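What follows is a single structure, written as C-alpha cells, with notes after it.
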C-alpha cells in the first residue's frame, strides 16, 4: 500500500501502560528517522512523501525483540532500539521497543511481517 | 528536572487502542521535532542533550485538545497536531493528538502543567 514504512515493535511482557508505550514508541520513531536519514536520506524522503506511515507491532518479550533487531540489522535496515531511563514503571536500561525504518516497505515487511499488531 | 521537553497530548474519547495511540504519538513526536527544528534549532539540540525527554498527557476530548493547541501557539511553542488518515479505528481527518515542543521545559509546562498523565 505504501512504498516506505516505519514499524515500531513493542514488548508486551513489561506491563507498560498506554502512555508509557506511547512515549517509548515516540522515542523509537524519532531515533529511527535520524538513523535512517544518516544511512539513506531517500528512505526518509520517500516515507515523508507517503505521509509517514507507521505501524506498531508486538512481541511477547525481550528474546523475540532481540531476534527482530538482529534480523533487521542483518537486512541492512535502520534499527533504533529504545532502552528506558527507568524513571517510571520499568527498570533502568530495559529494552522496551525498537523502531525499524523508515525504509522500503517490502524490506521492512520481510523482517516484521509475521508479527501481530499491538 | 530537564531543561527541555516534548509533550504529547492525546484525546481519550476516541476509544483508540494502545497500538493506535502509540502510532499517533510517534507521528506527533516526529512532526514536532521537525517543526521545532525549523523554528529554533537550539530547542532540538538542548532536548537531545537532555536525552529527548517525552511526556504523554491526556485530555477528555477535541475541545480541550484544541484549547491546548491554541495556548501553545499563543506561547510561541512548536505545535504539531495529528489528524488521522482514517484507515483504522477513527474517521479520516480526526484530530487525535498534538505534539508540543521540544522546547524549554518551563514554557511547555506553563501550557500543559495542569493535564493528567495518560
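All conditions in (1) touching a residue at least 12 places away in the same chain (Cβ under 8 Å); (2) surrounded by fewer than 21 Cβ atoms within 10 Å (Cβ to Cβ); (3) more than 22 Å from residue A:20 (Cβ to Cβ) hold for residue B:60, with the sole exception of (3). Could we say that residue A:6 is in a strand (DSSP E or B) and closer than 28 Å to residue B:86 by Cβ here? Considered against the rule, which asks whether it is in a strand (DSSP E or B) and closer than 28 Å to residue B:86 by Cβ, residue A:6 comes out as yes.
In the set (1) touching a residue at least 12 places away in the same chain (Cβ under 8 Å); (2) buried (at least 21 other Cβ atoms within 10 Å of the Cβ); (3) within 10 Å of another protein chain (Cβ to nearest Cβ), the condition left unmet by residue A:22 is number (1).
For the range A:72-85, the criterion of a residue being part of a loop (DSSP other than H, G, I, E, B), over 19 Å from residue A:12 (Cα atoms) and in contact with a strand residue (DSSP E or B) (Cβ under 7 Å, 6 or more places away or on another chain) is satisfied by at least one position. Restricted to the range A:72-118, and to residues that are within 14 Å of another protein chain (Cβ to nearest Cβ) and free of Cβ contacts under 8 Å to residues at least 12 places away in the same chain, which residue is nearest to residue A:61 (Cα to Cα)? Selected residue: A:93. Of the residues making up the range A:93-118, those that are surrounded by fewer than 13 Cβ atoms within 10 Å (Cβ to Cβ) and not in a strand (DSSP E or B) are A:93, A:106, A:113, A:114. Selection over the range A:25-56 of residues that are more than 10 Å from chain B (Cβ to nearest Cβ), within 19 Å of residue B:28 (Cα to Cα) and not in a helix (DSSP H, G or I) gives a count of 1.
Just so you know, all these numbers are worked out from the coordinates, no wet-lab data involved. Values in this document were obtained by computation on a predicted structure and should not be read as measured data. Every residue, glycine among them, receives a Cβ derived from its backbone with ideal geometry; neighbour counts consider all protein chains shown.
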